[in-house]
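The values are calculated or read from the model by the stated rules, or taken from the named source; none is laboratory data. Being a predicted model, the structure only gives us computed values, none of them experimental. Note that we place each Cβ from the backbone using ideal geometry, even for glycine, and neighbour counts take in every protein chain shown.
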Ligand code: PPS
């Protein structure tokens, strides 16, 4: 797409769905409610998978809501122009979504009892997922080639800025009781156990039948076939469906099919420098 990102507090945003006013509202005026739950992620970390899981939990495992209401209306991104007008229709307890880095997140959260589920993913898989997504979503600049995109990602020259800064910022919350972290890889390897942990964090009673239903209806295949969850009903001018699909592969380790050895080693060297103070291993 031909536009320029603008900077808000050092982070890149695109004019299509964001403005200085919209972001200022999200940061300084938006009122978080005590019973809100926020799904916070760097893009392509498993955001929509978590929305589907929490939608199903909210409905006691019944998939009707997921089958009838678009995923972005069930849990709007509260920092976007569209999201801010959609929130009024969300019923409490609200599940809202955000890709905002820590330093821009709603100030009112920090004096509330609201909860955050922070989903993380191997950044090499994020990069690959984002590379494909940037070609179809109008909010991203078209990547010219994979090599350039690796550089842009590592420099934070993409929508929502640097993955490293996102993780480092949010990890300041890691010891707070209202902050729960989980990875895309954990969801993949043990979805059942992950859903149980999520229920415990939310203080939600559960039984085998509920967990069975959530696991069944939030699988990649089920979401891929559900037009309310697979983004196929997004207008063509917002998402170019001729160039790819939102529910792309849904696997761990697709980076190995994209990175050269040299690109991977370069990524590792940047990762080591930027993450040296954090004891976190993603791959
Ligand atoms: S976004 O645009 O930032 O909100 O994207 P996000 O939802 O964070 O991430 C999209 C990637 O998650 C994959 N996905 C899933 N994987 C496994 N199981 C389920 N149910 C699932 N739902 C979404 C989706 O395919 C994207 O990953 P890639 O690697 O591109 O396939």
So, in the stretch 153-170, of the ones that are out of contact with any strand residue (DSSP E or B) (no Cβ under 9 Å at 6 or more places or on another chain) and away from the ligand (no atom under 16 Å from the Cβ), which residue ends up farthest from residue 121 (Cα to Cα)? 155
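Restricting attention to the stretch 63-75, report how many residues are outside any helix (DSSP H, G or I) and within 10 Å of the ligand (Cβ to nearest atom).
Residues that pass the stated criteria total 0.
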Enumerate the pairs (first residue in the stretch 164-175 and outside any helix (DSSP H, G or I); second residue anywhere and surrounded by fewer than 19 Cβ atoms within 10 Å (Cβ to Cβ)) with beta-carbon separation below 9 Å, excluding pairs fewer than 6 apart on the same chain, so at least 6 apart or on different chains. 174/181
Could you count how many residues in the stretch 227-239 are within 14 Å of the ligand (Cβ to nearest atom), surrounded by fewer than 18 Cβ atoms within 10 Å (Cβ to Cβ) and in contact (Cβ under 8 Å) with a residue 24 or more places away in the chain? 1
Residues located in the stretch 128-166, provided they are within 30 Å of residue 111 (Cβ to Cβ) and surrounded by fewer than 22 Cβ atoms within 10 Å (Cβ to Cβ): 156, 159, 162, 164, 165
Among the candidates 200, 204, residue that is modelled with pLDDT of 95 or more, assigned to a helix (DSSP H, G or I), more than 16 Å from the ligand (Cβ to nearest atom) and over 13 Å from residue 42 (Cα atoms): 200
Sole miss for residue 173 among (1) out of contact with any helix residue (DSSP H, G or I) (no Cβ under 8 Å at 6 or more places or on another chain); (2) more than 15 Å from the ligand (Cβ to nearest atom) is condition (1)
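Looking only at the stretch 176-193, which residues are under 16 Å from the mean Cα position of the chain (by Cα) and in contact (Cβ under 8 Å) with a residue 60 or more places away in the chain?
179, 180, 181, 182, 183, 184, 185, 187, 188, listed by residue number.
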If you check residue 214 against the conditions, is it modelled with pLDDT of 95 or more and closer than 19 Å to residue 75 by Cβ? yes
Of everything in the stretch 36-62, what is away from the ligand (no atom under 13 Å from the Cβ), at negative phi and assigned to a loop (DSSP other than H, G, I, E, B)? Give them in sequence order. 36, 59, 62
Taking only the stretch 121-156 into account, find how many residues are within 18 Å of the chain's Cα centre (by Cα) and not in a helix (DSSP H, G or I). 7
Looking at the structure I just gave you, is residue 96 in contact with a helix residue (DSSP H, G or I) (Cβ under 9 Å, 6 or more places away or on another chain), at pLDDT 95 or above and not in a loop (DSSP other than H, G, I, E, B)? yes
